[in-house]
Amino acid sequence: MRRIVLSCLASLLCSAPGFAAPVAPTVGAPFAVTGERVTTQIPKGWKLAWMQGDPAGGFMAEYLPEGEDINHWRGEYLAIARFPYPSATVLKQMTEKKVHISEVALSQFMSATQAGCSGKREEMPHGLNQIDGLLFAVSGGFCDKLEPAAPFGEGQFVAFIEGKDFLHKVQYSWRPGSAFEASANKPMRLPKPKTVQYLEAIKASRLCDGSFKACSGNFL
């Protein structure tokens, strides 16, 4: 469902030039990116499992714990994405309506995950926070049945971060491995230490100016 959600967001965010044609030589293979990007702590032992997009524009990078398969993962997941902003006209209209683009992107994401849920979905409240000068739109939810990929459900915490040149996304997801796990720690089916870990990692995410010396995350 992760790429369906990415396509949904493209309807608003990817109207700008630069997202349409990925420049990476092989879809799924890692590549270096240029320009403003988000830097976030990759959990120890996790690997870059999939990457697609334009090195100078919109892209998505997906991380999994060692040993997991991106097409059939069953535990934890991290996605980092970057979206070009829409036209200046659209941005002006949003400003006039006092709407933040991060909030619109978050609403689209949550609607797409709701539509993709084949069971019952519970959501946490949406939040708009300013952290270290950056605007974060944050929320999360849990779907108790997402066939065939996650028969015991899938949850996520997600943040959209407004940068100067791009809109950025950081998303942690998880899938219970059994009916027992899916029945515990409701409503998000996630132990408190993991909840704290994911949310603190999202809050600690920052943007860098795009130079290789200043950016720790170059995806290679």
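The values are calculated or read from the model by the stated rules, or taken from the named source; none is laboratory data. Since we're looking at a predicted model, the values are computed, not measured. Note that each Cβ is placed from the backbone with ideal geometry, even for glycine, and that neighbours are counted across all protein chains shown. Just so you know, the surface numbers come from the protein's heavy atoms only, side chains and all, with ligands and any DNA or RNA stripped out. Shrake-Rupley method; radii C 1.70, N 1.55, O 1.52, S 1.80 Å.
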* Asked: Looking at Pro25, is it in a loop (DSSP other than H, G, I, E, B), modelled with pLDDT under 95, touching a Leu at 6+ places or on another chain (Cβ under 9 Å) and open to solvent by 20 Å² or more (accessible area, probe 1.4 Å)?
  -> no
* Structure fact -> Of Ala137, Ala61, Ala56, Ala32, the only residue that is part of a loop (DSSP other than H, G, I, E, B), of a type outside the set (Lys, Arg), over 24 Å from Phe152 (Cα atoms) and open to solvent by less than 40 Å² (accessible area, probe 1.4 Å) is Ala32
* Which of (1) assigned to a helix (DSSP H, G or I); (2) farther than 23 Å from Thr40 by Cβ; (3) without any contact (Cβ under 8 Å) to a residue 60 or more places away in the chain does Leu106 not meet, given it meets every other one? -> (2)
* **Scan of the range 51-96 for residues that are β-branched (Val, Ile, Thr), more than 19 Å from Thr26 (Cβ to Cβ) and in contact with a Leu (Cβ under 9 Å, 6 or more places away or on another chain), ordered by number** => Val90
* Structure fact -> Note: among Ala56, Ala112, just one is more than 30 Å from Ser183 (Cα to Cα) and either without any contact (Cβ under 8 Å) to a residue 40 or more places away in the chain or not polar (S, T, N, Q) (or both), namely Ala56
* Structure fact -> Selection over the range 163-199 where residues are in contact with a Ser or Thr (Cβ under 7 Å, 6 or more places away or on another chain) and closer than 30 Å to Ala88 by Cα yields a count of 2
* In the set Pro176, Pro148, which member is part of a loop (DSSP other than H, G, I, E, B), on the phi < 0 side of the Ramachandran plot and either buried (at least 21 other Cβ atoms within 10 Å of the Cβ) or modelled with pLDDT of 95 or more (or both)? -> Pro176
